[in-house]
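Right, one structure below, let's go through it.
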Amino acid sequence: MIIEKKNIMSFFEENDVKFIRLAFSDVFSIQKNISIMPSEMNRAMTTGIHIESTSIEGPGSKRRKDLYLFPDLTTASLLPWRPSSGRVVRFYCDIKYADGSPYELDCRHMLKTTVKDLLSNGLSCTVGAECEFYLFKADEDGNSTGIPFDNGTYLDAEPRDKGQNVRREICLTLENMGVSPESSQHEVGPGQNEIDFRYSDALTSADNVITLKSVVETIAAQNGLFATFQPKPLPKSAGNGFHINLIPYQINDTAKSVKESFIAGILNHCAEMTAFLNPSEESYLRLGDHNAPAYVSWAKENYGQLIRVPETTGGRRDTIELRSPDSCANPYIAYTLLLMAGFEGVKKEMKLDEPTSFNIFEAEPAVLSTLRHLPRTFEEAMEAAKMSRFVNRVLPAELIDIYKNGKPE
């Protein structure tokens, strides 16, 4: 929802808005917020609302400068689960210093800048996200019991799929917030679900992923359940993936495909980016299991590969599906790295190797030895990131140091 600055107070009055939630994500994509009254909105738009820098920088940070939140008026969303009398509206925010300069660790701003850089070079990319999560039964305090809500499997329907009504409520809530889910389904694991988004610009897609997490966790709790996006909540079942679908194109020449060089760019740097696509120890229990990739490879319509190029109706192969990320990833950082890597491939006209057509999970060790392995642990992934010229060029050094210390539990 886009609100013009001059109409903001009228919007509040017409919708009986009594609380304004200024939201942002820390570097690990944990959503934070501060609430203000409508009377403070003008101050928020002009001079910002003060927050402490330590709240979003993570362990090991040495910065102690004041930061300010400035609401992005294009992200207004009424929260449907809050009371209809005295409503709550949420804005995502830009984070700035007192002098108005952007905060280096504002990952949302980082993605905005990346998209602008690509546009200035004649390249754009639409993004679609597939987000998997588990629903567990909750105890009387709302904590997870570790017991899946159902024993359903892939695409099951009721009564085996007990999460259908919960997913329906999630999707309707998202629609009420101006977010457009494309589909929802039961996934492979017991109690595992998936909600996919329509393609949009990269910033909107990342915002939608953050919104989805909040909505899923809220609606699950309201239904007496516990939702988790953790990569491998059940050791013997499928992990939760965050599959990222990309359609890159040249703005002034949409007929010319840049897909292959874009894929080549991502494959070239994917191992170095893995620490940010899979930023927890648990992430590496998922990779290489239940169709989650373990090698740097690509193929057409092969679900075990790092990158899959699906064939769509009419025989077109425009979509690039990256299958390694999980939902511990910060989508703003993930998209920034992927767009920059893909753009580098296009700029350098990188050539794409032949596809890996065989089944990764049934191949002999001698065959697999010809492929590059993704990092096997977070420590290995972080070492690759620290040594990467690409990662150090794209991401601030302080952000890399924060990730080195690990995501707080």
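Residue count for the stretch 95-104 satisfying the condition of being among the aromatic types (F, W, Y), touching a strand residue (DSSP E or B) at 6+ places or on another chain (Cβ under 6 Å) and surrounded by fewer than 20 Cβ atoms within 10 Å (Cβ to Cβ): 0.
Quick one: is D318 at pLDDT 95 or above, part of a loop (DSSP other than H, G, I, E, B) and either in contact with a Ser or Thr (Cβ under 6 Å, 6 or more places away or on another chain) or closer than 18 Å to I247 by Cα (or both)? Considered against the rule, which asks whether it is at pLDDT 95 or above, part of a loop (DSSP other than H, G, I, E, B) and either in contact with a Ser or Thr (Cβ under 6 Å, 6 or more places away or on another chain) or closer than 18 Å to I247 by Cα (or both), D318 comes out as no.
If the Cβ limit is 8 Å and pairs must be 6+ apart or interchain, which residue in the stretch 192-204 that is surrounded by fewer than 17 Cβ atoms within 10 Å (Cβ to Cβ) pairs with which residue that is assigned to a helix (DSSP H, G or I)? Listed pairs, sorted by first residue: D201/V115. From the list E140, E130, E158, the lone residue that is in contact (Cβ under 8 Å) with a residue 40 or more places away in the chain and open to solvent by 30 Å² or more (accessible area, probe 1.4 Å) is E130. Which members of the stretch 373-409 meet the condition of being open to solvent by 60 Å² or more (accessible area, probe 1.4 Å) and at pLDDT below 95? A397, D401, K404, N405, P408, E409, listed by residue number.
Among the residues that make up the stretch 208-216, is at least one of them of a type in the set (D, E, K, R) and either farther than 30 Å from A76 by Cβ or in contact with a Phe, Trp or Tyr (Cβ under 9 Å, 6 or more places away or on another chain) (or both)? So far as the stretch 208-216 goes, yes, one or more of its residues are of a type in the set (D, E, K, R) and either farther than 30 Å from A76 by Cβ or in contact with a Phe, Trp or Tyr (Cβ under 9 Å, 6 or more places away or on another chain) (or both). In the set (1) modelled with pLDDT of 95 or more; (2) in contact with a Cys (Cβ under 8 Å, 6 or more places away or on another chain); (3) hydroxyl-bearing (S, T, Y), the condition left unmet by S327 is number (1). Out of curiosity, is G152 of a type in the set (G, A, S), open to solvent by less than 40 Å² (accessible area, probe 1.4 Å), touching a Lys or Arg at 6+ places or on another chain (Cβ under 9 Å) and more than 17 Å from S205 (Cβ to Cβ)? Answer is yes for this residue.
Considering only residues in the stretch 78-94 that are buried (at least 22 other Cβ atoms within 10 Å of the Cβ) and hydrophobic (A, V, I, L, M, F, W, C), the one that is nearest to V166 (Cα to Cα) turns out to be V89.
Under the condition of being small (G, A, S), out of contact with any Cys (no Cβ under 9 Å at 6 or more places or on another chain) and either open to solvent by 70 Å² or more (accessible area, probe 1.4 Å) or assigned to a helix (DSSP H, G or I) (or both), the residues counted in the stretch 334-366 number 4. Selection within the stretch 101-117: residues that are of a type in the set (A, V, I, L, M, F, W, C) and at pLDDT 95 or above. The member of this set that is nearest to A221 (Cα to Cα) is C107. In the set A98, A129, only one residue is modelled with pLDDT under 95 and hydrophobic (A, V, I, L, M, F, W, C); that residue is A98. Scanning the stretch 282-299 finds one or more residues that are open to solvent by less than 10 Å² (accessible area, probe 1.4 Å), of a type in the set (G, A, S) and over 21 Å from the mean Cα position of the chain (by Cα).
The values are calculated or read from the model by the stated rules, or taken from the named source; none is laboratory data. In this text, all values refer to a predicted model and were calculated from it rather than measured experimentally. In this analysis, Cβ positions are derived from the backbone assuming ideal geometry, glycine residues included, and neighbour counts consider all displayed protein chains. The area values use the complete protein model at the heavy-atom level, side chains included, leaving out ligands, DNA and RNA. Shrake-Rupley method; radii C 1.70, N 1.55, O 1.52, S 1.80 Å.
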